[in-house]
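Below is one structure; the comments refer to it alone.
Quick note: the coordinates plus some simple rules give every number you see, no bench work behind them. Because the structure is a prediction, the values reported are computed rather than measured. Glycine also receives a Cβ, built like all others from the backbone with ideal geometry; neighbour counts cover every protein chain displayed.
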Amino acid sequence: MQNLRLSLFLTSLLLLSSSSQAELKEMQISGVFEMEAVAIQSDSNGNSNDLLAPALEIEFYTRLTKQISIAFTLVAEDIGDSTSNTIADDAVINFRLGASTLTIGQSTLPFGRYETGAINDPLTLLLGETSETAFIYNRSTDVGLDYSVYLYNGKSSGSPVAKESLNDFGFAFNFNIDDWSIGAGYINNLANSDSLLDIGTTVNEKVAGMAMHLAFHFDDWHFFAEHVMALDDFVAGDLNGAISSKRKPTASHLEVLLDLEEDRYLSLNLSTSSQAVDLLDYESQFTLTYATMVMQQANLYFELLSAKEYNGNQDTILGVKLALDF
């Protein structure tokens, strides 16, 4: 059903585009290709190393009129691996009127900010990032306030068969004042996050979630803090039985980033989680990342990650990633 919806949606984009050629104002194609080498020392799985092509991402953007634009992103993940797949990560129509934008289609919901200069995702993103087909309304104001509200039909449900009902929702706001940014968001069912849906799709009752962030920068220093949490309890049997006892998962992320000269930076990250056993791979993770531009549109990242599992085992990962922008 989801593939059929996506096919119909993309077909409508092509028809709309072909009927508006006379008004075509702008078209952009961009993307990134990544290669990564990793060496892993794990208490659970021993030592290993690998060369990966983790992602190829191509973004298309077309502005049909001053008010209407189309954007979609194709992502090929784990290229060459048995689990490799290619998906339309985002596919949306944007209707813009003044400071307001209505976005319709498959998109990442504005729940959580998840800023990081690291290669590996913070635990906050792994707990909260949610991609759905949705209606998203966003407005920017003159006083530095941005806010969004969204409506969607989540895949998580109270029964093995999801009900076709557009009854999931959320909202977010963000204040930008000089060098400060502060914001928060609410989602009515955290179980719809991408990572939790990979575990299971059924819950006894919807579990609301909240995300809060604070960012500040001065000179070459950037500070970012975020906290994502469930507002209600998951109970035994939730997520197709992955939850064995009542728990309320949370995740926090703190980053300090120093901009260096000549397109380089140094980033220090700490992510922690609680009550997320069987939901997240790690209870905590620490990363130290150095990034530099080696040539135009080519960036090189070196990262040391030290992570602790809920059973006490440690993983140490040394990663080197080359990202080519085009």
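How much FRET efficiency would the formula 1/(1 + (r/R0)^6) give for Ser244 and His217, where r is the Cβ-Cβ distance and R0 is 51 Å, rounded to 0.05?
Efficiency at R0 = 51 Å is approximately 0.75.
For the pairs Lys206/Lys248; Lys248/Lys308; Lys155/Lys321, note any where the Cα-Cα span goes beyond 23 Å.
Over 23 Å Cα-Cα: Lys155/Lys321.
Between Thr292 and Ile40, what is the label-point separation in nm under the 7 Å Cα-to-beta-carbon projection?
2.8
For the pair Phe326/Leu151, report the inter-label distance in nm, with labels modelled 7 Å from Cα in the Cβ direction.
According to this spin-label approximation, the distance is 4.1 nm.
Sequence gap at least 6, Cα distance under 8 Å: using those rules, report the relative contact order of the chain to the nearest whole percent.
Answer for the chain is 14 percent.
Using a/c under 1.5 as the rounded threshold, could you call the range 110-191 rounded, prolate or oblate? The axes a ≥ b ≥ c are square roots of the C-alpha gyration tensor eigenvalues, and prolate needs a/b larger than b/c, oblate otherwise. Numbers along the way, then the final one.
Details: a/c = 3.21, a/b = 1.48, b/c = 2.17.
Oblate is the answer for the range 110-191, as a/c is 1.5 or above yet b/c matches or exceeds a/b.
Tell me whether the chain comes out rounded, prolate or oblate; compute the Cα gyration tensor, take square roots of the eigenvalues as a ≥ b ≥ c, and use a/c under 1.5 as the rounded threshold.
Verdict is rounded for the chain.
Taking a point 7 angstrom from the Cα of Ser100 along the C-beta vector, which residues in the range 162-195 have backbone N less than 13 Å away?
none
Go ahead and estimate [θ] at 222 nm for the chain from helices alone: -39,500 (n - 2.57) per DSSP H run with n ≥ 4, summed, over the residue count, rounded to 500.
On the way: 3 runs with 29 residues, N = 326.
Result for the chain: -2500 deg cm²/dmol, rounded to the nearest 500.
Can you give the extra length, in nm with one decimal, that the chain gains between Asn311 and Gln28 once fully stretched, where that is 0.36 nm per residue apart less the Cα-Cα distance?
This chain segment gains 97.1 nm when fully extended.
Would you mind computing, in nm to one decimal, how far apart the modelled labels at Tyr137 and Phe173 are, each placed 7 Å from Cα along Cα→Cβ?
Modelled inter-label distance: 1.5 nm.
Give me log10 I(q)/I(0) at q = 0.13, 0.17, 0.21, 0.23 Å⁻¹ for the range 75-124, Debye formula, one equal scatterer per alpha-carbon, no solvent.
Listed by q, the Debye log ratios stand at -0.54, -0.83, -1.00, -1.03.
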